[in-house]
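Just below is one structure, and these are the notes that go with it.
What follows is calculated from the coordinates using simple rules that are stated; it is not laboratory data. Since the model is a prediction, treat every value here as computed from it, not as a measurement. Note that we place each Cβ from the backbone using ideal geometry, even for glycine, and neighbour counts take in every protein chain shown.
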């Protein structure tokens, strides 16, 4: 980061159960009032699973040949996903921040082409030990961040709160991984640090034993730890690896269930990945 | 409107069944590309009713002592309302516009305090012939529009697509009537015209007989026609009355099921209220 430029911080709020959203918003509001230029990216996975079940279109997860799990996203799933992420969770966070005196403004990656990237033409998965190819899935990845939109909003005093989906180069809504999208956003804003909050204290060597927290991972050993990570944590470590490769200096996987979760993460609580 | 200032148009897209959202977005995209500074406000009532039913919290409607119908909005209803309005419908419109080459950006009234106003402390209703007071309802009205945010977005080439809820002066999400919010928005943007699209050709003297369309209502007779209007149309005429009182010259209640619905409305198809 060049001397004198403004420092930004991206905070990813996980979509698992148990995060203390009020506590997180207390912390965010305090930091915003102290002048940190904050951008929030959030998930909504657990609630999406519940709503999908209630709406009679239960969630399915697929495992790629490289071992990563992702949500099977047909068109109806995409609609439900948008309802929960862009409607319920995004506006719930905006309301909490507004009540704390912060002028939050919620967007999805579709809005203003904030997060653009390719839709995957095919997903190679493993199901019951057999390889299969899915072609009708609405998933993809973020390659481009509309940084000008974020800067304009921050310059005008707004606090951006961003949810998936992103937008494909053909203008379709696409499900993208929130951790990796947060990594891309942190890199685009030239952040020194990305904080990823979830409902565990960080990366655990022996999941779910919370006393097995791995407190630090040096940049050159991140790949090994992708193999150690279980389930959803795998993509968080992958997101961290990507963020570091794009110039972010430090990614902290931290606990979103505690008081002052972000300030604690910045003080080093959790799994600090990078320098 | 002062000579030389930019001309804006607010289009309200109703939330009833049967509107041709693709046709509406074709028309909007064409007009946007021709340079009209457009702002869309949309509803989502019919879909909210369906989703609320599926989620086991069916919609309830109450009738005020002055004869207007509105959605009973307890906290759970507000969540469902946000899912449908801000998630499904808003992002569905943004995606359609993006696919037509328009850089749409969806917001709720919460975002950036775009629509602020008082929450009603009490709603006086009539139920089974008896008067009652509701005190735990999350409804209110829009009094202030963040016009600077809309101008900044329009100046940067974005196309704002706005959904209820609004934000109360205490920072709570509040359900507001979309037609009246559109009226307030059109007035704040100093629009000459507000177009309100629904699934009927306009105000019908003998609902649902579509041949009984009332083609014009002069400004000084709007109040009489609020009495003529049935159900949801009542608030559209009320919104029109408010828009006129705030300086909008003409409100067109028009058919959202036809081709080129907005350009047809501007040519006078539908019920033209005002000069």
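Brief remarks follow.
- Whole-Å distance, taken between Cα centres, linking the stretch B:151-226 and the stretch A:135-155: 31 Å
- In this assembly of identical copies, the label point of residue B:221 (Cα plus 7 Å along Cα-to-Cβ) is separated from its counterparts by 8.4 nm, sorted shortest first.
- Put simply, the C-alpha atoms of the stretch A:161-275 give a gyration tensor, and the ellipsoid matching it has half-axes of 23, 15, 15 Å, longest first.
- Rg over Rh for the stretch A:23-151 works out to 1.03, both radii taken from alpha-carbon positions and Rh defined as the Kirkwood radius.
- Maximal additional length on extending the residue A:170-residue A:21 stretch stands at 50.2 nm, based on 0.36 nm per residue less the C-alpha distance.
- Nearest chain A C-beta to the A/B rotation axis, reported as residue and distance in angstrom, is A:87, 1.
- With coordinates expressed along the principal axes, the C-alpha atoms belonging to the stretch B:83-168 extend over 53, 25, 16 Å, beginning with the largest.
- Taking all Cα pairs closer than 8 Å and separated by 6 or more residues, the relative contact order of chain A comes to 23 percent.
- At full extension, residue A:69 and residue A:50 could sit 5.0 nm farther apart than now, given 0.36 nm per residue minus the alpha carbon distance.
- Of the residues A:56, A:14, A:247, the one that moves most in a GNM of chain A with alpha-carbon contacts below 10 Å is A:56.
- Value at 222 nm in deg cm²/dmol, rounded to 500, when DSSP H runs of n ≥ 4 in the protein assembly as shown each add -39,500 (n - 2.57): -9500 deg cm²/dmol
- The mean number of partner chain beta-carbon atoms within 10 angstrom of a residue's beta-carbon across peptide B:89-100 is 6.
- Sorted fewest first by neighbouring Cβ atoms within 10 angstrom, A:237, A:248, B:11, A:147 come out as A:147, A:248, A:237, B:11.
- Label-point separation in nm, residue B:7 to residue B:246, each point 7 Å along Cα→Cβ: 2.1 nm
- Cα-projected label distance for residue B:259 with residue A:127, points at 7 Å along beta-carbon direction, nm: 4.2 nm
- Potential lengthening between residue B:210 and residue B:76 on full extension [0.36 nm per residue; Cα-Cα distance subtracted]: 44.6 nm
- The convex hull drawn around the Cα atoms of the stretch B:8-274, when projected onto a plane and averaged over every direction, covers 13.3 nm².
- Highest-first packing order for the peptide set B:66-74, B:195-203, A:18-26, B:154-162 is B:195-203, B:154-162, A:18-26, B:66-74, based on the mean count of other beta carbon atoms within 10 Å.
- Area projected by the alpha carbon convex hull of the stretch A:1-96, averaged over all directions, nm²: 8.7 nm²
- Diffusion constant of the stretch A:94-236 at 4 °C, which comes from Stokes-Einstein with the Kirkwood Cα-pair radius and 1.567 mPa s, µm²/s: 74 µm²/s
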